[in-house]
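What follows draws every value from the coordinates through simple rules; no lab data is involved. From a predicted model like this one, the values you see are computed outputs, not experimental measurements. No Cβ is skipped: glycine too gets one built from the backbone with ideal geometry, and neighbour counts run over all protein chains shown.
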Ligand SMILES: Cc1ncc(COP(=O)(O)O)c(C=O)c1O
């Protein structure tokens, strides 16, 4: 009887583990798959010490990674910009796909972060041949995505401007995000969706996590690619759509006055998608409702992932 009782107890314990396991968020860290809350890196990791690393966020729609190759290409460029070598990007691709396949939600985001790794002592400068001894830290996980922007995408959002306080290489998707943190917190405090950075030359560069577009005299304007902005994957797709639709696009920056006087303004981003802006710094944009060009681009963009 004791044997049967012990056996039943063990069976129940295993079942409990199995059920917990299937609900747990799993992650990949340096070659191992483990539960997210069990993942650990050294306090000397250069990501923790210096923000010395790059990241990507990929949207998963209906279980499919959207524009994954484009994100991997940008990740490679960021790593090149940071002089982090020896990362096998095909391995990151394989791991990403397998975590998404195992994810308990079909609507998700895949987060990838790569740092220069964990040396044995803290020093600003890194060893040039450092990766021969220490490998970069590679961390990847997929997590359920709750889309909280549905009504904002339909009705439009409000934004605020904020001084550009970031470094001079915003084209690198670095994990050093303090300027973006300031801006996002400013948006939160002011109960608006996004904060856009205003350069010392008066140009609106981009948002804390989005690229910015304005429609002026029927022409679409957005900052050209340069170290002042992140080359957004959504930005590229929207420009591609605009070109196909024969809409006039000018890749020039807009001043804050131009933005406030634009007939339409919208934002683009991986989780933001195409988001109409109806108010900036308390001033109504256009008629204070999503404009026709924004709507046209938004519906064409939505078709790309809802086919
Ligand atoms: C500063 C910044 N600009 C623009 C974007 C939009 O880029 P993407 O369309 O690739 O998501 C992001 C995305 O997180 C960002 O952080």
Extended-chain gain in nm, criterion 0.36 nm per residue less alpha-carbon gap, residue 48 and residue 120: 24.6 nm
Largest to smallest principal axis extent of the C-alpha atoms in the stretch 87-216, angstrom: 51, 41, 28
DSSP beta bridge pairing in the chain, given as percent antiparallel to the nearest 5: 80
Gyration tensor (alpha-carbon) shape descriptor, the stretch 231-307, a/c threshold 1.5: prolate
Between helix 292-305 and the chain: long-axis angle, C-alpha atoms, 0 to 90°, nearest 10: 20
Mean ellipticity per residue at 222 nm, deg cm²/dmol - from DSSP H runs of n ≥ 4 across the chain, formula -39500 (n - 2.57): -10500 deg cm²/dmol
Where labels lie 7 Å past Cα in the beta-carbon direction, separation of residue 5 and residue 177 in nm: 5.3
With Cα atoms, 0 to 90° folded angle of helix 178-189 axis to the chain main axis: 70
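Based on the alpha-carbon gyration tensor of the stretch 217-257 and its eigenvalue square roots a ≥ b ≥ c, which shape applies: rounded if a/c is under 1.5, prolate if not and a/b is larger than b/c, or oblate?
Values: a/c = 2.65, a/b = 1.15, b/c = 2.31.
It is oblate, given that a/c is not under 1.5 and a/b is not larger than b/c.
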Acute angle (nearest 10 degrees) that the helix 233-244 long axis makes with the longest principal axis of the chain, alpha-carbon atoms: 50
Overall form of the stretch 55-157 per C-alpha gyration tensor (a/c, 1.5; a/b vs b/c): prolate
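Set the Förster radius R0 to 51 Å, insert the Cβ-Cβ distance between residue 101 and residue 155 as r into 1/(1 + (r/R0)^6), and round the FRET efficiency to 0.05.
0.90
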Full-extension gain in nm, residue 186 to residue 24, via 0.36 nm per residue minus C-alpha separation: 55.0 nm
Rough spin-label spacing in nm, given labels placed 7 Å along Cα→Cβ, for residue 15 and residue 34: 3.0
Rounded D (µm²/s) - the stretch 1-123, Kirkwood Rh over Cα pairs, Stokes-Einstein at 4 °C, 1.567 mPa s: 77
Cα pair distances in the chain, grouped into 20 Å bins until the bin that holds the longest one, percent each: 30, 52, 16, 3, 0
